[in-house]
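J.: Handing you a structure now.
Throughout, read-outs are computed from the coordinates displayed, never taken from laboratory work. Given the structure is predicted, the values throughout are model-derived calculations rather than measurements. Neighbour counts run over all protein chains shown; Cβ positions are idealised from the backbone, glycine included.
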Amino acid sequence: MIADGTPVAFIPCSDPARARAFYEETLGLELMAEDEFALTFDAGGTPVRLTRVAGHQPPPYTVLGWEVEDLDEAAAELGKRGIEMARFAGLEQDARGVWTAPAGTRVVWFRDPDGNVLSITEFAE
């Protein structure tokens, strides 16, 4: 039953108009639906619902990430769109904010307007 269903990701937001501009215009996701409770975007075939949460406090961990083939290209494109990469104490990140795991997987993080941590990852071969 659940195994045959489509996963839906949920991200809290405090200001739907601001969130919509970021996810639709800055990240380029397609808006699928909007109602008084949430905005739903298509993120590579996975619906992502940005749900209005009063008093939202962003968690310190990644809430949503994307796997990409070329992290350098994806990070550069995000930078051109005004997105600043996040830095975290205790992680050795390069000048662009990229962290390389011991097995070679590379990750870079950034935040949405509500402070939610998002990421892009290029997995090692």
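J.: Which Cα, out of 1, 66, 13, lies furthest along the positive dipole direction of the chain (beta carbon charges, K/R +1, D/E -1)?
T.: 13
J.: Let me ask something else. Any idea what % of Cα-Cα pairs in the chain are farther than 16 Å?
T.: In whole percent, the long-distance tail amounts to 64.
J.: Enumerate the calculated ³J(HN,Hα) couplings along the range 10-27 in order (Karplus 6.51 cos²θ - 1.76 cosθ + 1.60, θ = phi - 60°), each rounded to whole Hz, writing x wherever the residue is Gly or Pro.
T.: Once rounded to whole Hz, the list reads 10, 10, x, 9, 9, 9, x, 5, 5, 5, 4, 4, 5, 5, 7, 8, 6, 8.
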